[in-house]
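The values are calculated or read from the model by the stated rules, or taken from the named source; none is laboratory data. Predicted, not measured: the structure shown is a model, and the values here were computed from it. Please note: Cβ atoms are built from the backbone with ideal geometry, for glycine as well, and neighbour counts cover all protein chains shown. SASA here: full protein model, heavy atoms, side chains in, ligands and nucleic acids out. Shrake-Rupley method; radii C 1.70, N 1.55, O 1.52, S 1.80 Å.
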Amino acid sequence: MSVARLKDWVQRVWVPKLPQAFQQGKMPYLFGFEVVVILTAFGSALLDPYPQITQSVIVFCLMLTGQLVLIARGMPLNRAIHLACTIGVCFLIHATWAAGGVHSPRLSWLLIVPVIPFYIIGPRAGYGWLAVVFAAQLLMAFLTDRGWLAPAQTLDTDALTLFSFFILSVASLILLFVPLLYDRQYQIALREGRARQKELENKQAELLQALEMREHFIASVSHELRTPMNAILGFSSLLTKEVQHKPRAMEILDHTRQSADHLLTVINDVLDYSQFLTGGLTAHAETFELRETVRHAFDLFTPRVQSMDLNYRCEIADDVPQWVRTDRHRLMQILVNLLGNALKFTHQGEVVLRVQCHSTGVQFSVQDTGIGIALHDQPRIFSRFMQAQGDIQKHYGGNGLGLAITQGLVELLEGEIGFDSTPGQGSRFWFTLPLQAQSPPASVKGPVARALQTADQAWQFLVVDDHRLNRLLVKQALKNAWPNSVVVEAENGANALTLWRAQRFDLVFMDMLMPVMDGVQATQAIRQSFTSHGLAPVIGLTANVNPQDLARFKDAGLSALLLKPFDPVQLCNEVEALLLRGAPRAPVPPG
Ligand code: ADP
């Protein structure tokens, strides 16, 4: 039978029969070793040429057995081993003292004592016990030298020889066998550890791959969802102008726009959350007017509140700084999330948005007199997919991501968020941001509808997009702003290049993701072509919000990059600015 099979057999058949405390790790070995010591002690007592020692051997064996019982009852292992060593050393000192002192073969038993603490507790314990053993040997030599031993016995030389041989052989075997066993155990543990490490490495590679696929999946789903949203939002914005004098049509259009806005919020929530998980969300600081942004977020809900019996108001303290620097878009998102929740869960009373100075910057708070949050739900309210009370989803909808994202966004802007709430009376959600007063920027941009200086110019535009509706939307926005312009369409980068080489264009709109030839390749080719109009501005359009992709798009040689869904007014302002400037490369932050 091989050692491995023997071990397997012992593990399967014997180990389960041991008391619970001896079934794990090194414990079966300790148990086996102590049983061997007890049996050997009995055996040696039978062979021992000094008959009066039998009683002390029995005491020793009983004490070791008692120690095993104590371990089985829960005595800590280290303490049990020190106890066994103490019993062993005391017994051997007594046994050696009674049998000739330093001349006694029993002295060699002492050498075994440090082996167990060495391998089971650790080298320090082993060396400690080696020192004790050495001291015991010195003591025995001293006692022998002084003749202070037990009265000498008359011994049978044959018996003594046999006894000495027995003791020395067993002690040598133990000293040989224990390190071997330990080494074997170590090798097995090492092999298992390496196999486990390999398994973990494979698992990690699988996880990384899954993560990459998930990111890719989310990016493409978001792209696919944002592309039609671009058409829906853009066309309804264009249509608003056409139906201004028809109240019923305006109402329907308003509903369409609100639903589309809501859908866009859900898409953005899912995307933001997945970017949080991968650490891909970044803040883009800009200097802006705080009051205007807060008002804008507040006003978004005014139409909704009109049909409700609510005192909805915004209070901004006089000392709040006028201009601040942070990510305006993310601040809007936080305010919109908190205001949206407050209005969702409040049926009467008031919802107040307050902004005031705070020791760490500016504090924003949204207070409502709504349903409040049950005490047992409060500790988990910022956890993802968390909705208080079982029927919240049924009555109020929502995905339980809003507050988790809001908290992440506040942390992204280096702020703090918190709330207090009384069930049945209302809640107050607050956050503080480290905002300092800033001086106003030199030029202020924004999607403000202003009269275009070049409205009557006959510009030549090239619109490149694989989606017919998106081309139509851009074309319509351009035609509204510049009625005399000519808009030529191309459905991929390759067609765009053919057109580009054949005729002159003042500005190109380039979708970044297209079949056959994408926007990056097409823009690079346009920049390298030596046509007379090679420096015409190229505006990139994308529904992709992955930061790495955005950086790659900007590097392709674009003059500006706009995110879909884009605002037609912003688009036209951007176009005119570029046409007037006449410069091809002046990257503008997305949004
Ligand atoms: P949801 O999309 O479900 O609103 P949130 O993360 O924004 O997800 O909110 C999580 C839960 O916190 C909500 O379902 C609701 O139970 C509770 N909650 C959030 N804001 C309020 C509030 N102002 N009043 C009462 N409950 C709130």
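Taking the criterion of being touching a strand residue (DSSP E or B) at 6+ places or on another chain (Cβ under 6 Å) and within 11 Å of the ligand (Cβ to nearest atom), the only residue of the stretch 325-338 that qualifies is Leu338. Restricting attention to the stretch 481-502, the residues that are farther than 15 Å from Leu541 by Cα and open to solvent by 70 Å² or more (accessible area, probe 1.4 Å) total 5.
Can Leu535 be described as modelled with pLDDT of 85 or more and open to solvent by 20 Å² or more (accessible area, probe 1.4 Å)? Taking the combined requirement at face value, the residue does not satisfy it. Residues that are touching a Phe, Trp or Tyr at 6+ places or on another chain (Cβ under 9 Å) and among the polar types (S, T, N, Q) were ranked within the stretch 357-379; the one that is modelled with the lowest pLDDT is Gln378.
A quick yes/no check of all residues on (1) assigned to a strand (DSSP E or B); (2) farther than 23 Å from Arg581 by Cα:
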{"residue": "Pro483", "(1), (2)": "no, no"}
{"residue": "Val487", "(1), (2)": "yes, no"}
{"residue": "Ala496", "(1), (2)": "no, yes"}
{"residue": "Trp500", "(1), (2)": "no, no"}
{"residue": "Leu535", "(1), (2)": "no, no"}
{"residue": "Asp549", "(1), (2)": "no, yes"}
{"residue": "Pro565", "(1), (2)": "no, yes"}
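Inside the stretch 326-349, can you point out the residues that are in a strand (DSSP E or B) and surrounded by 16 or more Cβ atoms within 10 Å (Cβ to Cβ)? Quick ask: steps written out before the conclusion?
At the first step, the residues of the stretch 326-349 found to be in a strand (DSSP E or B) are 326, 349.
Listed by number, the list holds a single entry, Thr326.
Looking only at the stretch 561-576, residues that are within 17 Å of Leu507 (Cα to Cα) and of a type in the set (Asp, Glu) come to 2 in all. Quick one: is Phe382 within 16 Å of the ligand (Cβ to nearest atom), in contact with a helix residue (DSSP H, G or I) (Cβ under 9 Å, 6 or more places away or on another chain) and at pLDDT 90 or above? Against the criterion (within 16 Å of the ligand (Cβ to nearest atom), in contact with a helix residue (DSSP H, G or I) (Cβ under 9 Å, 6 or more places away or on another chain) and at pLDDT 90 or above), Phe382 does not qualify. With the condition kept exactly as written, say whether any residue in the stretch 302-309 is open to solvent by 70 Å² or more (accessible area, probe 1.4 Å) and either closer than 18 Å to Leu433 by Cα or small (Gly, Ala, Ser) (or both). Checked against the condition, which is being open to solvent by 70 Å² or more (accessible area, probe 1.4 Å) and either closer than 18 Å to Leu433 by Cα or small (Gly, Ala, Ser) (or both), the stretch 302-309 yields at least one hit.
The requirement of being closer than 20 Å to Gln378 by Cα, away from the ligand (no atom under 16 Å from the Cβ) and either open to solvent by less than 80 Å² (accessible area, probe 1.4 Å) or modelled with pLDDT of 70 or more (or both) is not satisfied by Glu411.
Give the residue that is least open to solvent (accessible area, probe 1.4 Å), with candidates limited to residues of the stretch 218-277 that are among the β-branched types (Val, Ile, Thr), over 27 Å from Leu412 (Cα atoms) and part of a helix (DSSP H, G or I). Quick ask: steps written out before the conclusion?
At the first step, the residues of the stretch 218-277 found to be among the β-branched types (Val, Ile, Thr) are 218, 221, 227, 232, 240, 243, 252, 256, 265-267, 270.
With over 27 Å from Leu412 (Cα atoms) added as a condition, the list becomes 227, 232, 240, 243, 252, 256.
Checking the rest, the ones that are also part of a helix (DSSP H, G or I) come to 227, 232, 240, 252, 256.
Working: Thr227: 4, Ile232: 77, Thr240: 43, Ile252: 87, Thr256: 61 Å².
This residue is Thr227.
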